Amino acid sequence: MYDLDGEKAPDYKFEEDIYVDELLEYISNTYDTHYSKNNFQATEFIIDGGHGEGFCIGNILKYAQRYGKKGSRQDARKDLMKVLHYAIIQLYVHDLENSSQDDRS
C-alpha cells in the first residue's frame with residue numbers, strides 16, 4: 001500500500017488506515033443528513049459566533065461519556081465516530097483561532 005505521496009505506507013499495527021477511511025466516509029455522510037441544510041451546518045454558525053471550542057469539547061465529552069451506555073454495540077461505535085468527528089472540527093477551530101501564529105503542529 002502507498003500513501004498520498006507515492007511512498008510505501010507503514011505497516012499499520014492497528015489498521016489505522018482502515019479506520020481513517022471509515023471516519024472520512026462517516027463524516028462525508030453527515031453532509032447528506034438533516035445536520036446539513038441548504039449547504040450550511042449549524043456548527044458553522046456556532047463557530048462563527050465564537051462558541052466553537054466549547055461546542056466541540058462539550059460534544060466530545062458527551063459522546064465519550066455515553067459510549068457503551070446507550071443502545072447497541074453499533075450505537076456505541078457510532079458514538080466513537082462522533083467523538084472523532086468533533087475532535088477534527090475542534091482541530092479546525094483551534095487552527096482558525098490560532099491562524100495568526102501559523103503554527104499547525
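Where a number appears in this text, it was derived from the coordinates with a stated rule and is not lab data. On a predicted model such as this, the values are computed, not experimentally measured, just so you know. Positions of Cβ are generated from backbone atoms using ideal geometry, with glycine treated the same way; all protein chains shown enter the neighbour counts.
Worth pointing out:
- Pairs meeting the criteria (first residue in the stretch 82-95 and surrounded by 14 or more Cβ atoms within 10 Å (Cβ to Cβ), second residue of a type in the set (Phe, Trp, Tyr), beta carbons under 6 Å, at least 6 apart or on different chains) are LYS82/TYR63; VAL83/TYR63.
- Of the residues making up the stretch 21-53, just one is loosely packed, with under 12 Cβ neighbours inside 10 Å and among the β-branched types (Val, Ile, Thr), namely THR33.
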